[in-house]
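Have a look at the structure below before the remarks.
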Amino acid sequence: MAPAHGELRSDGPSATRAIGRALGREARPGTLIALIGELGAGKTQLAKGVAEGLEVPTVVNSPTFVLMNEHVGRLRLYHVDAYRLAQPEEALDAGLIEDRQSDGVVVVEWADRLEGWLPTNRLEITIRGDGADPMARTLRWAASGSAHARLADAALEPR
């Protein structure tokens with residue numbers, strides 16, 4: 001199956017969180033959402049929205065200093081931040097990408113730092129600033145694998 005892909009526009013943090021909420025509501029066990037973008041692009045806002053869609057009652061912040069936080073909601077959320085990793089192999093050594101996570105949803109911030117180490121089947125979202133409006137973002141996504149293509153179709157495709 002060829003990767004599905006598309007583009008969305010967000011006009012600010014609340015819209016980015018709403019996109020994440022839609023993803024969280026539609027996510028199923030084994031979902032992997034790989035987020036790519038510069039510092040301040042909105043990766044954590046999207047992750048917070050996924051948590052809201054998964055009905056996670058706890059505060060979700062960037063796990064930069066602990067590398068991964070686990071939250072319990074409708075499904076477990078494994079929120080990974082690869083920013084501080086010097087080498088991708090450190091993610092495996094730290095147990096950030098494991099089979100035990102197949103029971104929940106994994107959201108990886110700075111996923112580009114794990115290139116070649118993440119599973120092929122995933123929903124990858126690149127977030128970039130969008131022109132003159134400092135709050136606006138463009139989210140370009142690519143879904144690999146049928147489950148992630150269904151997720152993107154349900155949560156990201158305009159109706």
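The values are calculated or read from the model by the stated rules, or taken from the named source; none is laboratory data. Model, not experiment: these values are computed from the prediction. Neighbour counts run over all protein chains shown; Cβ positions are idealised from the backbone, glycine included. To get the accessible areas, we keep the full protein, side chains included, count just its heavy atoms, and leave off ligands, DNA and RNA. Shrake-Rupley method; radii C 1.70, N 1.55, O 1.52, S 1.80 Å.
About its Cα centre, the range 1-41 has a charge dipole of approximately 220 debye under the convention of +1 per Lys or Arg Cβ and -1 per Asp or Glu Cβ, with nothing else charged.
On a per residue basis, the range 3-59 carries 46 Å² of accessible surface, using protein heavy atoms and a 1.4 Å probe. Backbone amide hydrogens, once placed in the peptide plane, bring residue 104 within less than 5 Å of 30, excluding anything fewer than 5 places away on its chain. Our coupling estimate for the range 40-45, obtained by passing each phi through the Karplus curve with A = 6.51, B = -1.76, C = 1.60 and θ = phi - 60°, is x, 5, x, 4, 5, 4 Hz, Gly and Pro reported as x.
Packing-based ranking of 14-22, 36-44 yields 14-22, 36-44, ordered from highest to lowest mean Cβ neighbour count within 10 Å. Computed from backbone phi, the HN-Hα couplings of the range 137-146 come to 9, 10, 10, 9, 10, 9, 10, 10, x, 5 Hz, rounded to whole numbers (Karplus: 6.51 cos²θ - 1.76 cosθ + 1.60, θ = phi - 60°; Gly and Pro given as x).
Of the solvent-accessible surface of the range 14-71, computed with a 1.4 Å probe over protein heavy atoms with every protein chain present, carbon and sulfur atoms account for 53 percent.
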